[in-house]
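In what follows, a structure is listed as structure tokens, so that the remarks can point back to it.
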């Protein structure tokens, strides 16, 4: 019994085998963002009312810097995946879709690099 439509038989196109991978990456990064976001709220609450020196000293701690870097990397990765889904679902023109997907990737890289630079600069005390 063949479950394929006549058009699919003619085109010989199967599934792209990308959907489940994209789905799980998005869910995994979302779960990581929940835990890292809760940690960030705790960090901000614990530093509330602190002066500049205490804040700078806290960011000099390697564990805090690593946590912030993980949050930035996970957040930008999740942002890129979400925008990719929106672009693929709602942009019908193939040329525009390709350009927007490339711009989405470049934007996520730029945001990730800028925030990583800022965290490292604060962490190393420059």
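The values are calculated or read from the model by the stated rules, or taken from the named source; none is laboratory data. None of the values given here were measured: they were computed from a predicted structure. As a convention, Cβ positions derive from the backbone with ideal geometry for all residues, glycine included, and neighbour counts pool all protein chains shown.
Restricted to the stretch 45-61, and to residues that are assigned to a helix (DSSP H, G or I) and within 16 Å of residue 118 (Cβ to Cβ), which residue is nearest to the chain's Cα centre (by Cα)? Only one residue fits best here, namely 59.
For the stretch 102-113, a residue qualifies if it is over 14 Å from the mean Cα position of the chain (by Cα) and surrounded by 11 or more Cβ atoms within 10 Å (Cβ to Cβ), and exactly one does: 103. How many residues are surrounded by fewer than 13 Cβ atoms within 10 Å (Cβ to Cβ), modelled with pLDDT of 95 or more and in contact with a helix residue (DSSP H, G or I) (Cβ under 8 Å, 6 or more places away or on another chain) if we restrict to the stretch 74-97? Of the residues in that region, 0 qualify.
Picking from residues in the stretch 11-31 that are more than 18 Å from residue 84 (Cβ to Cβ) and in a helix (DSSP H, G or I), the one that is modelled with the lowest pLDDT is 11. Inside the stretch 47-59, residues that are in contact with a helix residue (DSSP H, G or I) (Cβ under 6 Å, 6 or more places away or on another chain) and in contact (Cβ under 8 Å) with a residue 40 or more places away in the chain make up a count of 1.
Scan the stretch 3-10 and give yes if some residue there is surrounded by 10 or more Cβ atoms within 10 Å (Cβ to Cβ), part of a helix (DSSP H, G or I) and modelled with pLDDT under 95, otherwise no. Within the stretch 3-10 (the criterion being surrounded by 10 or more Cβ atoms within 10 Å (Cβ to Cβ), part of a helix (DSSP H, G or I) and modelled with pLDDT under 95), the answer is yes, since at least one residue qualifies. Within the stretch 69-97, the residues that satisfy the criterion of being farther than 23 Å from residue 24 by Cα and either assigned to a helix (DSSP H, G or I) or under 18 Å from the mean Cα position of the chain (by Cα) (or both) are 94, 95, 96.
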